[in-house]
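Working notes, structure below.
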Amino acid sequence: MLFACTKNEDESNFTLSEISPVAGGECQYVQLKANFSELDSNDVLVNFNGVEAEVVSLTDSSLLVQVPDGASTGIISVESAGNTYTSSTDFTVLKGNWQRLADFPGQARFGGVGFVIDDKIYYGTGSNNGTYFDDFWEYDPVSGQWTQKANFPGGACYGSTGITVGTKGYVGFGAGNGYKNFLWAYEPGLDAWTQLADCPFEGDYGLAGFELYGKAYFGGGVENTDFWEYDPVTNTWSQLPNSPPGTQRFGGVGFTLNGVSYVGLGGYELHKDFHRYGPITGQWTAIAELPTTQTSLFFSSAFTIKNKAYARLFSEFWEYDPTTNDWTQLAAPCGSPAHVENAFSVGGKGYLICGNGGSTVGPWPGLTIGATKEVWEFTPED
């Protein structure tokens, strides 16, 4: 009796064991994992659906590349020394119109605070490796110029919450020399700060905030699940009975879109849920959960443009449409993934300022690790 043996697959053909992330825009970093010990580091060809990509760095188990210009959704392949590695699923190429602007002129930082008044961004404070800042700046998106303004008199701090109400900007809470329960108002015409009534609790940082019908709202934090309303007319605080649902929402985001306010994300283990707030009933209603692959990041950021909201989560960027209650993933900015950024929208465009650049793949060449000075501008397609 005779037996015939055949190979189902050539021994030099392998499958990439992991791709992270599985979707991204042009020039974003992607990590490929496999046993690369047999590769010739001087002769490696990586293709995204047939389009050659730049190899940033290579080890025996991991390869870092950037999504090439002109790439389309499809298989990723790695070829070297007669070996071929291919992804088992398609890599999805996302759309997103980002432009890097001139760097922030102050020191690199993350966890700053800011607000928008009369189509200008006001931004400052923050931290860098335990150093806290109290400087404050004005950014004009039309001219691209930064102008230093009066320092924040609440002191050097990190993780405060900024809200615009009318013609004033408000900065509340934060961490520096202990947790803060203060609230300050800034008037750009006077370049002056005014201290307001402290919030009547022990203080915290990383609160989500939003403006609604001329009042400011703050909720969450690292130590609390409280929900507070501030009335600028009477300079008084009211604790509201129903905090945003879920466990502690440290570093969550809040925004108001088309007269409706939302709170979501946050926590050391990422909360993917979002809820909208009903100021008359005081009740929260869940909206579509954000279908992110991120799992343990806090201090995301969000802004609104026209009738949509946008959320930035480290290496991901999402668009929310309230008419369909759907999230759509878009391309994140090029370069290093980041969080603890500050997000703003002015004149139909979104802006991300500074942040904590990091990497899930280690200290690779080309990736910014730690506090950044980067400024990115986003233009929606419609």
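The values are calculated or read from the model by the stated rules, or taken from the named source; none is laboratory data. Remember, predicted model here, so these are calculated numbers, not experimental data. Cβ coordinates were reconstructed from backbone atoms using ideal geometry, including for glycine residues, and neighbour counts include every protein chain displayed.
One table, with the values for the structure above:
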| item | result |
| --- | --- |
| Criterion (of a type in the set (A, V, I, L, M) and exposed (fewer than 15 other Cβ atoms within 10 Å of the Cβ)) met by exactly one of ALA53, ALA34, ALA71, ALA102 | ALA102 |
| Test: residue in the range 295-317 that is surrounded by fewer than 16 Cβ atoms within 10 Å (Cβ to Cβ), assigned to a loop (DSSP other than H, G, I, E, B) and under 18 Å from the mean Cα position of the chain (by Cα) | yes |
| Some residue of the range 220-227 being at pLDDT 95 or above and either loosely packed, with under 12 Cβ neighbours inside 10 Å or of a type outside the set (D, E, K, R) (or both) | no |
| Residue ID - nearest to GLY112 (Cα to Cα), chosen from residues in the range 313-340 that are of a type in the set (Asp, Glu) and at pLDDT 95 or above | GLU319 |
| Check on GLY166, among the small types (Gly, Ala, Ser) and either farther than 30 Å from ASP69 by Cβ or outside the structural domain of VAL222 (by TED's automatic domain parsing) (or both) | yes |
| Qualifying residue in the range 267-285 (condition: within 19 Å of TYR205 (Cβ to Cβ), hydrophobic (A, V, I, L, M, F, W, C) and surrounded by fewer than 23 Cβ atoms within 10 Å (Cβ to Cβ)) | yes |
| Count - residues of the range 82-99 that are small (Gly, Ala, Ser), surrounded by 14 or more Cβ atoms within 10 Å (Cβ to Cβ) and modelled with pLDDT under 95 | 1 |
| Lone qualifier among TYR230, TYR262, TYR268 - being out of contact with any Cys (no Cβ under 7 Å at 6 or more places or on another chain), at pLDDT 95 or above and farther than 17 Å from TRP318 by Cα | TYR230 |
| Some residue of the range 98-119 being among the acidic types (Asp, Glu), in the same structural domain as GLU26 (by TED's automatic domain parsing) and over 21 Å from the mean Cα position of the chain (by Cα) | no |
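The rows are residues; the columns are (1) under 23 Å from GLU377 (Cα atoms); (2) buried (at least 18 other Cβ atoms within 10 Å of the Cβ).
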site: ASP118; (1), (2): yes, no
site: SER127; (1), (2): yes, yes
site: ASP140; (1), (2): yes, no
site: GLY154; (1), (2): no, yes
